[in-house]
Amino acid sequence: MFIVLLGPPGAGKGTQAQRIAESTGLLHISTGDMFRENVRNETELGKVAKSYMDRGDLVPDEITIKMLLERIGRPDAAQGAMFDGFPRNVVQAEALDTALAGRGAKIDHALLISVPDEELVARLGGRWICRQCGTLYHERNDPPKQPGVCDKCGGELYQRDDDRPEVVRTRLEKQKPPADLIDHYRKHGVLTEIDGQRSLDDVTASLLEAIR
Ligand code: AMP
């Protein structure tokens, strides 16, 4: 099964993807995580990606699609995957459709998590991430037991540069799922819209229900 998770930055895609992966065993592929790993390791790809990410811009399609196609070509993605943060536009969606069609597969579900803008700004400001294992926390909604320390691995928690308020607004403007992307999946009959302004558990339950 192949799933795409759609939603604006801060809608909870990352957190929900981790939860769905845990409960279904589905492989979680996050292009944002892949870019951040490259930035951390100071690869050539990371250097290019960073210049876009720091401004809240999308990394160019050519670079992103190449990285994603390479990732889904690995054996662990043979049976299925859940894409988080990809596709961000129709060009990326079509590249993914073509790659999957080439192996007799398709996107089975596109899950759109909807949240109003004001709520997104508040959420993104409070987000903390573990430097070691990548677990996500939120000051208000999902705090760690001890501030600044990961519950799971004891790693240090940090805030992403692009979660600073001025960058957050730019990201929201530039990175909301565009209407034609949502239409793309609606036309394919695989779109489910989920109200993301509820508890984490309720949103997870709706997502799992949609893919059952
Ligand atoms: P995310 O963790 O999904 O919010 O992604 C963090 C940053 O990585 C974004 O602000 C973009 O700069 C870049 N990025 C992640 N996924 C994509 C994508 N599918 N296309 C272009 N840029 C992306």
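The values are calculated or read from the model by the stated rules, or taken from the named source; none is laboratory data. For clarity, every value in this text was computed on a predicted model and none was experimentally measured. Cβ sites come from the backbone with ideal geometry, for glycine too, and all protein chains shown count toward neighbours. Accessible surface is based on the protein model in full, side chains and every heavy atom, while ligands, DNA and RNA are left aside. Shrake-Rupley method; radii C 1.70, N 1.55, O 1.52, S 1.80 Å.
Could you please let me know if A95 is more than 17 Å from D163 (Cα to Cα) and surrounded by 14 or more Cβ atoms within 10 Å (Cβ to Cβ)? The answer is yes for A95. Only one entry of E22, E42 meets the criterion of being at positive phi, of a type in the set (D, E, K, R) and without any contact (Cβ under 8 Å) to a residue 40 or more places away in the chain, and that entry is E42. Close contacts from region 149-165, counting a first residue that is touching a residue at least 60 places away in the same chain (Cβ under 8 Å) and a second that is part of a loop (DSSP other than H, G, I, E, B), with Cβ to Cβ under 8 Å and a gap of 6+ residues or different chains, come to D161/D54; D162/D54; D162/G56. Each residue in region 137-156 was checked for being in contact with a Lys or Arg (Cβ under 7 Å, 6 or more places away or on another chain) and surrounded by 14 or more Cβ atoms within 10 Å (Cβ to Cβ), and 3 of them qualify. Annotation: N41 fulfils all but one of (1) more than 12 Å from the ligand (Cβ to nearest atom); (2) within 14 Å of the chain's Cα centre (by Cα); the unmet one is (2).
Is it the case that some residue within region 48-57 is in a helix (DSSP H, G or I), within 15 Å of the ligand (Cβ to nearest atom), within 17 Å of the chain's Cα centre (by Cα) and more than 23 Å from I129 (Cα to Cα)? Scanning region 48-57, I find no residue that is in a helix (DSSP H, G or I), within 15 Å of the ligand (Cβ to nearest atom), within 17 Å of the chain's Cα centre (by Cα) and more than 23 Å from I129 (Cα to Cα), so the answer is no.
Being within 16 Å of the ligand (Cβ to nearest atom), among the aliphatic types (A, V, I, L, M), within 14 Å of V4 (Cβ to Cβ) and open to solvent by 10 Å² or more (accessible area, probe 1.4 Å) is the requirement here; does A110 meet it? No: the conditions fail for A110.
Scanning region 9-38 for residues that are more than 9 Å from the ligand (Cβ to nearest atom), under 24 Å from A78 (Cβ atoms), of a type outside the set (V, I, T) and in contact with a helix residue (DSSP H, G or I) (Cβ under 7 Å, 6 or more places away or on another chain) yields Q16, R19, S23, L26, L27, H28, N38.
So, in region 58-75, how many residues would count as being open to solvent by less than 40 Å² (accessible area, probe 1.4 Å) and within 11 Å of the ligand (Cβ to nearest atom)? Total meeting the criteria: 5.
The single condition among (1) crowded, with 17+ Cβ neighbours inside 10 Å; (2) under 20 Å from A122 (Cα atoms); (3) of a type in the set (F, W, Y) that Y185 does not meet is (2). Close contacts from region 58-78, counting a first residue that is basic (K, R) and a second that is part of a helix (DSSP H, G or I), with Cβ to Cβ under 8 Å and a gap of 6+ residues or different chains, come to R71/M34; R71/A77. Residues in region 67-83 that are small (G, A, S) and over 15 Å from K106 (Cβ atoms): G73 alone.
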